[in-house]
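Undergrad: This is the structure, below, for whatever I ask next.
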């Protein structure tokens, strides 16, 4: 049968597993070294008094620290005027995996989501999705609190002074998306075309192909689709349009 690894005895499997473990350990050590270098990056001071809009109305960005010295923010892309199902499927993937910052808080780090959407639209989306972490609109604001969305960003507070310390790029958000790490441990992987697949494996698809489905659960990026977790939300019904206009902000 094609599309599966060869079958061997346990001893042979263990030998192959041990050989791979050498590479895995090297990867872990290099990751630790990169994290050490990340902690030594220079930082950029910015005005923490710039106002963002949250559930309680306009507040200075510094309030996102919630009295703590460190802050991690996820910048969620937004489609203006689109219904819930039309919002970014990739960005929906992030908060669904991480919506409880208890362990960060215990370490003295706060966590929040920001997006460029108008607060009235954002508030309705957050309520529909059932998110509990704080969300804020940074509409019209430039970097480092606004600007491009789709990234994880870290900040430091020193009294009344606030600093940008780090921002991810591209796939840097995967550290939050636990399901991707688990899929990378499976035989079939993510089933995406960029991956290296042995001959005979199922035909790979575009990245994130399973992030949207139709009402029947079939992968779909058409007008009848929703980001996958939305189908579990109370009141979610089949849809006929994504209602998107323009581009994600």
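Taken together, the values in this text are just the output of simple stated rules run on the coordinates, not laboratory data. Predicted, not measured: the structure shown is a model, and the values here were computed from it. Note that we place each Cβ from the backbone using ideal geometry, even for glycine, and neighbour counts take in every protein chain shown.
Undergrad: Could you please state, rounded to a whole Å, how far the C-alpha centre of the stretch 163-241 is from the C-alpha centre of the stretch 78-136?
TA: Here the two parts' Cα centres lie 17 Å apart.
Undergrad: Give, in nm to one decimal, the length gained when the segment between residue 166 and residue 23 is fully stretched (0.36 nm per residue of separation minus the Cα-Cα distance).
TA: 48.7 nm
Undergrad: If R₀ is 22 angstrom, what is the calculated FRET efficiency for the pair residue 185 and residue 33, using the beta carbon separation as r and rounding to 0.05?
TA: That gives a FRET efficiency of 0.40.
Undergrad: Let me ask something else. Considering all alpha-carbon pairs of the stretch 39-174, what whole percent are spaced by more than 27 angstrom?
TA: 13
Undergrad: Which one of 106, 215, 207 has the biggest mean-square fluctuation once the chain is modelled by GNM with Cα springs under 10 Å?
TA: Comparing 106, 215, 207 in a Gaussian network model of the chain, the most mobile one is 106.
Undergrad: Per residue, what volume in Å³ does the Cα convex hull of the stretch 179-225 take up?
TA: That works out to 84 Å³ per residue.
Undergrad: For the peptides 154-166, 76-88, what is the packing order when you average, over each peptide's residues, the other Cβ atoms within 10 Å and list the highest mean first?
TA: Packing proxy ranking, top to bottom: 76-88, 154-166.
Undergrad: Using a Gaussian network model on the chain with a 10 Å cutoff between Cα atoms, which of 153, 173, 232 fluctuates the most?
TA: With Cα springs under 10 Å in the chain, the top fluctuation among 153, 173, 232 is at 232.
Undergrad: Return the single residue from 199, 19, 89 with maximal mean-square fluctuation; model: Gaussian network over the chain, springs between Cα atoms under 10 Å.
TA: 19
Undergrad: Enter the mean projected area of the convex hull around the alpha-carbon atoms of the chain, in nm², rounded to one decimal.
TA: Averaging across all directions leaves 16.5 nm² for the Cα convex hull.
Undergrad: Here is a further query. Principal axis extents for the stretch 149-249, Cα atoms only, whole Å, descending order, please.
TA: Ordered largest first, the stretch 149-249 gives principal extents of 55, 39, 28 Å.
Undergrad: Taking only DSSP H segments of four or more residues, each worth -39500 (n - 2.57), what value at 222 nm results for the chain once the sum is divided by all its residues, to the nearest 500 deg cm²/dmol?
TA: So the helix-based figure for the chain works out to -7500 deg cm²/dmol.
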